[in-house]
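Notes follow once the structure below has been shown.
The values are calculated or read from the model by the stated rules, or taken from the named source; none is laboratory data. Not measured: the values here are computed from a predicted model. So basically every Cβ, Gly included, is an ideal-geometry build from the backbone, and we count neighbours across all protein chains shown. Note: areas computed on protein heavy atoms with side chains; ligands, DNA, RNA excluded. Shrake-Rupley method; radii C 1.70, N 1.55, O 1.52, S 1.80 Å.
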Amino acid sequence: MLLAIAALSIATTRAVIAAVHEPTISAEQALKLLLEGNQRFVAGKLEHPNQTPARRAEVAKGQHPFASVLACSDSRTPPEIIFDRGLGVLFTVRVAGNVADQVVIESLDYSVTHLGVRVVMVLGHRRCGAVIAAVEGHEEEGDVGPMLSELKPAVAASRGMPGDPVENAVRENVKLVVKNLATSTELSAMVNSGELKIVGGIYDLETGTIELLKD
Ligand SMILES: [Zn+2]
């Protein structure tokens, strides 16, 4: 009885100290699983895991996703398909241009602190329409919407680079969004401690491959 009370006390103390949810799996394991699923997708060897009625019933009781993905709304880049995953494993945020405003940051923060996610992938893609609009509109004066405003720093950072302006802006945007997330009030402490990884990737519409960007 005393032991039980002691155990309960320790558990309660831990719950108070560790407000952040225990990891579902480590960041390294999560990234490995993501890339393995993408390799199946690229090779046309999809397994369609976790898509049965039994899985649906299982995750109805609670979710424990192992990764979060911030992707573009583009109809050709659905994370569950390009990572060959099913129900309850990917926490996804999708918005045109895969930008991270405060609502997006809060959503991703929720997946980390409440659901146990330890890897967040920012997934841009080649020939992104939102980025094309931002690149083509960069000389225009006047009001731009919130989405194009979010993309302006990437356009500015990539201006003058050799190569294709859209491809360059797509890459710069992913890098900047990764940096913004990693230095955000919500996530920076866990990134700095090494517990949380935020990685950038570029999806190729033709091949289905994902190129991980270096820091
Ligand atoms: Zn896009």
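Here are a few things to note about the model shown:
Residue-by-condition table, conditions (1) within 16 Å of the ligand (Cβ to nearest atom); (2) not in a helix (DSSP H, G or I):
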position	(1), (2)
84	no, yes
87	no, yes
92	yes, yes
105	no, no
108	no, no
112	no, no
116	no, yes
121	yes, yes
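- Selection from region 35-69 of residues that are in a loop (DSSP other than H, G, I, E, B), over 20 Å from residue 118 (Cα atoms) and open to solvent by less than 50 Å² (accessible area, probe 1.4 Å): 49
- The lone exception for residue 177 - which of (1) over 23 Å from residue 79 (Cα atoms); (2) in contact with a helix residue (DSSP H, G or I) (Cβ under 8 Å, 6 or more places away or on another chain); (3) not acidic (Asp, Glu) it fails: (1)
- Boolean, residue 149 is hydroxyl-bearing (Ser, Thr, Tyr) and open to solvent by 30 Å² or more (accessible area, probe 1.4 Å): yes
- Taken over region 94-103, the criterion of being farther than 30 Å from residue 44 by Cα and either of a type in the set (S, T, N, Q) or assigned to a helix (DSSP H, G or I) (or both) is satisfied by 102, 103.
- Residue in region 162-172 that is touching a strand residue (DSSP E or B) at 6+ places or on another chain (Cβ under 8 Å) and within 15 Å of the ligand (Cβ to nearest atom) present: yes
- Qualifying residues in region 70-82 (those that are in a loop (DSSP other than H, G, I, E, B) and not acidic (Asp, Glu)) - the one nearest to the ligand (Cβ to nearest atom): 72
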